1. Picking from Leu441, Leu411, Leu427, which residue would you name as being farther than 17 Å from Val461 by Cβ, modelled with pLDDT of 75 or more and out of contact with any Phe, Trp or Tyr (no Cβ under 6 Å at 6 or more places or on another chain)?
2. Which members of region 567-618 meet the condition of being without any contact (Cβ under 8 Å) to a residue 60 or more places away in the chain and in contact with a Phe, Trp or Tyr (Cβ under 8 Å, 6 or more places away or on another chain)?
3. Write out, first by first residue and then by second, each pair whose Cβ atoms fall under 8 Å of each other, whose residues are 6+ apart or on separate chains, and whose first residue, in region 510-536, is farther than 27 Å from Ala416 by Cα while the second is in a helix (DSSP H, G or I) and open to solvent by 20 Å² or more (accessible area, probe 1.4 Å).
4. Kindly indicate which of Leu660, Leu690, Leu700 is closer than 30 Å to Ser617 by Cβ and under 60 Å from the mean Cα position of the chain (by Cα).
5. Please work out if Leu38 is among the aliphatic types (A, V, I, L, M) and modelled with pLDDT of 80 or more.
6. Can you pull out every residue in region 323-349 that is part of a helix (DSSP H, G or I) and open to solvent by 10 Å² or more (accessible area, probe 1.4 Å)?
7. In region 712-756, how many residues are closer than 15 Å to Lys696 by Cβ and of a type in the set (Gly, Ala, Ser)?
8. Any residue that is assigned to a strand (DSSP E or B) and under 23 Å from Ile330 (Cβ atoms) - is there at least one of those in region 215-237?
Amino acid sequence: MDALFGTIDLRDLLSTHDLTDPTAPLSAPDLRLLISRLESHSLQIKSKVQSYLVSHHQDFAALFSLCNDAVSRTDRISADLTDIMRLISDSPVDAEVRGVVEEMSGKTREARVKNEILELVRIIVAINERLKGVREGVKNGRLRFAAEELRELKKALRIGDEDEREPIVYGLLRKEWQDCLEEIQELLARFMENAVRFDPESNGVRVRYQLSADGNDGVELRTVLEAMEVVGILDYGLAKVADLMIKHFIKPAVNYGSPITFVEELNQGSGKMTDALLKMVSSVDHKTEPVDGKIVYIRILQIIKFVYKSICLQNGSWVRCFGKLTWPRISELIISNFLSKVVPEDASKLPDFQKIIQHTSKFETALKEIMFISASDNKDERLSNFAENVEVHFASRKKTEILAKARNLLLQSDFAVPQEYTREGLLLKNDVHSSEQVVDLLFLSERCVVSKAASQLMKLVHQTLKDVCLSSTRVAFEFYHAARDILLLYEAVIPVKLERQLDGINQVAALMHNDCLYLSQEILGLAFEYHSDFPSAIKERAVFVDMAPRYHLMAEEILQRQIQLVILNLSEAIDGADGFQNTHQMQQFESAKFSIDQVVFILEKVHIIWEPLLLPSTYKRSMCTVLESIFSRVARDILLLDDMAAEETLQLQRLINLMLENSSSLLESLSAVNRKGKTEEHRTRSLEDLIPSLRKIRKLAELLDMPLKSITAAWESGELLVSCGFTLSEVKDFIKAIFTDSPLRKECLWRIEHVSL
């Protein structure tokens, strides 16, 4: 059959095979040939089809018969459907069927919900019955049963994992469970109180193994402990026992040197252990305990083993719980009452501490064997860690002691100046140095007076650094930091302590200035003095030079603050002179004279305070600054007067001379200091070179009584400008204020203006 449906290619029926060639169109013979061949080919196809049908006649007959049967059945089904549709249209059965189906579905859902509710009710009833059973078990003394039931019910009620969508009854059941837990917890706590009691008469702790409480008799201690473990309140139940043992036994036992021993007694009845007693008795044959702590550890271990055997009944988890409750406190007591007290006070005795380290390690090993402390957690090795770090503790304690001593020195120092170094003594200036408060300044080749606090503080620093040179690396680091902290303490304590004194002009401020200068010099010398003897690890890190500039700056700040206070007081005194106006009037003259007297008094006070205490160079520099300030102020005020009567000039001259005369002792002291200068340059400089306004004020006193021509000649010679520091405007205004207008004055003023200097 496949050949019948093959395609016919017209090119096979024509003489030419290219039908697309426009130059070769089909001719009439070709078309007739084509028709003839197509008819022949059609007859062949018909013949083949007929042959095929004849050969497959049976197959086609069966196929047609099957199709006829299918059509017949289809007609019958169609007729049946027509009848059903007619019946349905006459009576609506589908609505009734749908209603029945919906009713059945509703009943099924309702039955399912009721079954679920019944199941829930059964669960709730079962839980409630079990809770009642717990209460009955608590009342009847079946504590282990009650505890296990509570543990199982905790899971069933999902305690700690509540859901807001749960039925309200679950909340009620949880509350009931909580009430049961509290009830059994209180009962177990009472049992434990009855089980372990302190007996004042025997001075011991008694453990009973047959317990009674709330009508429950004959309950064993083991049962109580098991119940507490099951419920999860073992730590709660043992907490009071732990407090009792620490208070009455551990604390006395760790007191180093206390003459006590512990005695155990066991009592049996009817073949069972009824109670155990651990009592504390005073030792009759008291001997001095060795400092290695062996006796202390034996006593504590005896107590803990009693707990292990008689209270925790050799149960590892119970004694571990007891250890967690007590070990932090026990170890702290041992450290504070024993180990810290036997830390050597001398570095040479540190090797002797090895015995204590060995006994401490053995003690903790014994505790690990009975599971009192963890064998794997190094955090529980508190005592060994402390003992093995004895060098650090030794250094830390020494550092604390050193800093406490330094602080006390600073707080107790009154910054008093020895009498021999006051104005009356001046032993320092006469090269007599009998006091410990006279110190050498290393890099200035001078000596000065310092406070006892500074002197003793540096002695403490030197002693500490000597210990650094003799100590191990870890100890040396602590001592090195202690030395630095000692030096920093002065900066932290003294300025605050002496704050009020620094606001005034007094010896304390001068002494503090010397302290800071002395400390800065000493700090610079520390590295040269000790660095070569430091342990190698300290050499790389030890630094002191960073603190020297701080104290040098403090010294300069204190000095400048004092100078400014003096200048301020002098300025306030001069302000009372009211610019030296109208001094020819008696009242104004007396007011100006009083101001000058105040100035002289302040200068003399400063002279008395500074000269004995400050370094000569510092005294000279500071006093010259003060004198320059006051002399220039007086000269400026007088030169600013725009009109002076003849009598007024004489009074002003008198005031200047009075000030210079009364300051003569001060000026002489400065001259003496200047003559003792270190270099030839310093010795050749006059006092007027150090205080430029001194020459000016002296010359001003002369000008007040000098003729006009002489003043003009002095200006022309350059004396007033170059030597005395007068300006052109000052000289002109001075002449105008003293001399009345005249041709001579005009001539002199012209000469002064046009002279070339």
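The values are calculated or read from the model by the stated rules, or taken from the named source; none is laboratory data. None of these values were measured; they are calculated from a predicted model. Please note: Cβ atoms are built from the backbone with ideal geometry, for glycine as well, and neighbour counts cover all protein chains shown. Keep in mind that these areas ignore ligands, DNA and RNA; they rest on the heavy atoms of the full protein, side chains included. Shrake-Rupley method; radii C 1.70, N 1.55, O 1.52, S 1.80 Å.
1. Exactly one residue qualifies, and that residue is Leu411.
2. Within region 567-618, just Gly576 meets the criteria.
3. As it stands, the answer is Ala527/Val545; Tyr530/Lys466; Tyr530/Cys469; His531/Lys539; Asp533/Cys469; Phe534/Cys469; Pro535/Cys469; Pro535/Thr473, since those pairs meet every condition given.
4. Within the list Leu660, Leu690, Leu700, the selection yields Leu690.
5. Yes, satisfied.
6. Once the filter is applied, which keeps residues that are part of a helix (DSSP H, G or I) and open to solvent by 10 Å² or more (accessible area, probe 1.4 Å), region 323-349 yields Lys324, Leu325, Pro328, Arg329, Glu332, Leu333, Ile335, Ser336, Asn337, Ala347, Ser348, Lys349.
7. Adding up the residues that qualify gives 5.
8. no
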